[in-house]
Amino acid sequence: MRKLILRALQQEGHISGEQLGRKFNISRTAVWKHINELRKKGYEITSSPRLGYSFVKSTDLLLPEEISLGLNTHFIGKHVLYREEVTSTQDVAGELAQRGVEEGMVVISERQTRGRGRKGRSWDSPAGGGIYLSIVLRPNFSLTQVIQIPLIAGVAVSRAIKRVTPLQPRIKWPNDITIGGKKVGGILTETSSEIDRVNYIVLGIGINVNTQRSLLPEPIRVVATSLAEECGEYVSRVRFLQCLLAEFETLYNEFLVSGFDTIRKEWKALDNTIGSWVKVSSGEEEIEGEALDIDREGFLLIRKKDGDVKRIISGDVSLEHTC
Ligand code: BTN
């Protein structure tokens, strides 16, 4: 009912409580209660004796009803679970995946108390400006292709940034999304698999959209930024999220049908790692050398000083200088 009232208000601009009551066959008190609930969710709705209720502004909360309005995907984000606070959207999506939820389910939260990043690090997730989401995927492919999923997600995030802002994002291998050398988003994949079969993947994406840097801890503040900070204006999280889900679905479908080749080309055009002298910490090892390429499977190729070329599946890259 609340959703219907919201749509009527958005379509009409203003409408009286009596008209709404008649339209939906409920009392004016019931209408009033629904309007108050909508206000609590952040919708700005005024009321006056002459005009009745007037719709002023949508909420920027990432509510499923806001996301679904205008989302033109077939399966990614068709079902969205929204929570104000979670430990990590990865935990919630992982449990749902385990229970057999369908591919494309999205879990989204305003705030994470134990958001996690790659390599066991934490991901600071304050409320009020970030997007924290996890998508359940059930691809029918082998384990070797799993490492390409975060690279595909990186391209989707970059496309969404370009659609919604005038910014030019870059990707630092494997999947740090950066603007002007500072990190604006990160991607984490967690996989449940058997010997050569993927049960499901939980793809987690965190983006600082309107995040105030002052809310991030000191060491992170220096190396991180947000979309709003970089483009100097507020960015609609709802619109950004809709673009991201649509871009990801397009790329994921392309990947399932035609493989990684074309996406790899786009990834390489966004990359700022190749051609640089890098230090990579991968497990116990630290490898230094020139980043040559990412290969067809998504591995980073590094030529060390002695000419030996190493193929790296995952690691933390620091860019030293261009070669
Ligand atoms: C990284 O760069 O280290 C990856 C960060 C991934 C953060 C996202 S936020 C949504 C999802 N839930 C989490 O706990 N982590 C991912």
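Read-outs: derived from the displayed coordinates by stated rules, not from any lab. Note that this is a predicted model, so its numbers are computed, not measured. Cβ coordinates were reconstructed from backbone atoms using ideal geometry, including for glycine residues, and neighbour counts include every protein chain displayed.
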**OP:** With everything on Cα atoms, drop me the angle between helix 28-40 and the longest principal axis of the chain, reported from 0 to 90° to the nearest 10.
**Re:** 30 degrees
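Using only helices, what value at 222 nm comes out for the chain when you add -39,500 (n - 2.57) per DSSP H run of length 4 or more and divide by the total residues, to the nearest 500 deg cm²/dmol? The partial results should precede the final answer.
On the way: 10 runs with 107 residues, N = 323.
My calculation for the chain gives -10000 deg cm²/dmol from helical runs alone.
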**OP:** Quick one: of Lys162/Lys310; Lys119/Lys172; Lys57/Lys162, which pairs are farther than 22 Å apart, Cα to Cα?
**Re:** Lys162/Lys310; Lys57/Lys162
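Counting only C-alpha contacts under 8 Å and six or more residues apart, can you give the relative contact order of the range 36-170 as a whole percent?
Working: 176 pairs, mean separation 22.5, N = 135.
Over the range 36-170, the number comes to 17 percent.
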Subject >> Bridge type composition, the range 1-138 - antiparallel percent by DSSP, nearest 5 >> reply: 65 percent
**OP:** Taking the chain as the reference, fit the longest principal axis to its C-alpha atoms, fit the long axis of helix 261-270 to the helix C-alpha atoms, and give the angle between the two in degrees, 0 to 90, nearest 10.
**Re:** 90 degrees
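Indicate the gyration tensor shape class of the range 3-151 (rounded, prolate or oblate), computed on the Cα atoms with a ≥ b ≥ c the square roots of the eigenvalues: a/c under 1.5 is rounded; otherwise a/b larger than b/c is prolate and the rest oblate.
Details: a/c = 3.11, a/b = 2.22, b/c = 1.40.
It comes out prolate by the Cα gyration axes.
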**OP:** Once you have a ≥ b ≥ c as the square roots of the Cα gyration tensor eigenvalues for the range 70-190, tell me rounded if a/c is under 1.5, and otherwise prolate or oblate according to whether a/b is larger than b/c.
**Re:** rounded
Original post:
Which of the lysines could a cross-linker span from Lys305 if the Cα-Cα distance has to be under 19 Å and same-chain partners fewer than 8 positions apart are dropped?
Top reply: Lys279
Subject >> Relative contact order (%) - the chain, alpha-carbon pairs under 8 angstrom, separation at least six >> reply: 13 percent
Subject >> Rounded, prolate or oblate (a/c below 1.5 giving rounded, otherwise prolate when a/b exceeds b/c) for the range 271-323 by Cα gyration tensor >> reply: rounded
Subject >> Ranked packing of 316-323, 227-234, most packed first, by mean Cβ within 10 Å >> reply: 227-234, 316-323
Subject >> Distance in nm between pseudo-label sites at Lys78 and Cys231 (7 Å out along the Cβ direction from Cα) >> reply: 2.9 nm
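Would you tally the net charge around Ala224, using a Cβ to Cβ cut-off of less than 14 Å, leaving Ala224 out, and scoring K and R as +1, D and E as -1?
Values: positive: Arg121, Lys172, Lys182, Lys183, Arg213, Arg221; negative: Asp124, Asp176, Glu218, Glu229, Glu230.
Computed value for this residue: +1.
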Original post:
Using the alpha-carbon atoms, what tilt in degrees (0 to 90, nearest 10) does helix 89-98 show relative to the longest principal axis of the chain?
Top reply: 90 degrees
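Using the C-alpha atoms of the chain, what convex hull volume per residue, in cubic angstrom, is computed? Show your work: numbers first, answer last.
Details: hull volume 48.4 nm³, N = 323.
In the chain, the Cα hull volume divided by residue count equals 150 Å³.
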